[in-house]
Amino acid sequence: MNEIDRKRFRESLRRSTANDQFIDRFYDRFVGQSDEVAAFFHNRDMPQIKQKLLTTLEMLADTTEGQPGLGMYMEMLGKIHRRLNVERRFFAGWRKALVETVAECDSEFSEETRLAWERAIDHVIERMLDLTS
Ligand code: HEM
């Protein structure tokens with residue numbers, strides 16, 4: 001992610017999370033995509049997962065590549081999701097639900113904002129799915 005995209009992503013995340021409903025709306029949208037997705041979240045501690053995702057997004061917006069800890073954290077997230085058997089196809093729906101939620105919650109949403117989010121998310125997904133790590 002270049003610095004312009006990171007700034008757009010960071011500022012859009014700030015505007016989006018200013019809306020208290022942001023993370024709830026994202027999970028409602030994502031879980032509502034299919035019974036298969038809903039099954040992953042059955043009987044899970046949703047408040048905790050929501051808080052962790054928010055913290056992760058903030059970390060991604062604030063951390064530059066190569067900063068200590070980021071790689072290890074991504075690797076751990078990848079392992080958690082692999083253990084849950086989250087296949088690649090589910091990540092596309094995750095990305096779609098997140099970008100749609102941002103479009104709804106960010107009052108200054110634009111095509112540039114969309115691209116910045118998509119690039120940030122694609123990068124994270126590739127890091128999480130990197131089986132060699
Ligand atoms: C880039 C995409 C994703 C990110 C950044 C992400 C992030 C996270 C984070 C931060 C947690 C909390 C982990 C912890 O306990 O420390 C989590 C948990 C979880 N994620 Fe994801 N996630 C992504 C995609 C997905 C997808 C596509 C699915 C399923 C279809 C999924 C299903 C879950 C489930 C079921 C948990 C709860 C695990 C538990 O209760 O221990 N995630 N995710």
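Since every read-out is calculated from the coordinates, none of them should be taken as a lab result. None of the values given here were measured: they were computed from a predicted structure. Note: ideal-geometry Cβ built from the backbone for every residue, glycine included; neighbour counts use all protein chains shown.
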Please state the relative contact order of the chain as a whole percent: Cα pairs under 8 Å, 6+ residues apart?
-> 48 percent
In order over the range 12-20: 3J(HN,Hα) from phi, Karplus 6.51/-1.76/1.60, θ = phi - 60°, whole Hz, x for each Gly or Pro, gives 5, 4, 4, 5, 5, 6, 5, 8, 4
Of the trypsin sites (Lys or Arg not before Pro) in the range 1-62, which ones lie in a loop per DSSP and count no more than 11 other C-beta atoms within 10 Å?
-> ARG44
Applied in sequence order to the range 71-84, the curve 6.51 cos²θ - 1.76 cosθ + 1.60 (Karplus, θ = phi - 60°) yields integer Hz couplings, x standing for Gly and Pro, of x, 5, 5, 4, 5, 5, 4, x, 4, 4, 6, 5, 4, 7
Residue span ASP24 to ALA92: 0.36 nm per residue of separation minus Cα-Cα distance leaves a gain in nm of 22.6 nm
Find me the longest stretch of the chain that has none of the exposed GluC sites (Glu not before Pro), where exposed means in a DSSP loop (not H, G, I, E or B) with at most 15 other Cβ atoms within 10 Å.
-> 1-64
Just in the range 59-119: which trypsin sites (Lys or Arg not before Pro) are loop by DSSP and have at most 14 other Cβ atoms within 10 Å?
-> none
Using a simple spin-label model with points 7 Å from Cα along the Cα→Cβ vector, what separation in nm is obtained for PHE40 and MET59?
-> 1.8 nm
Debye, to nearest 20: dipole size of the chain, +1 on Lys, Arg Cβ, -1 on Asp, Glu Cβ = 340 debye
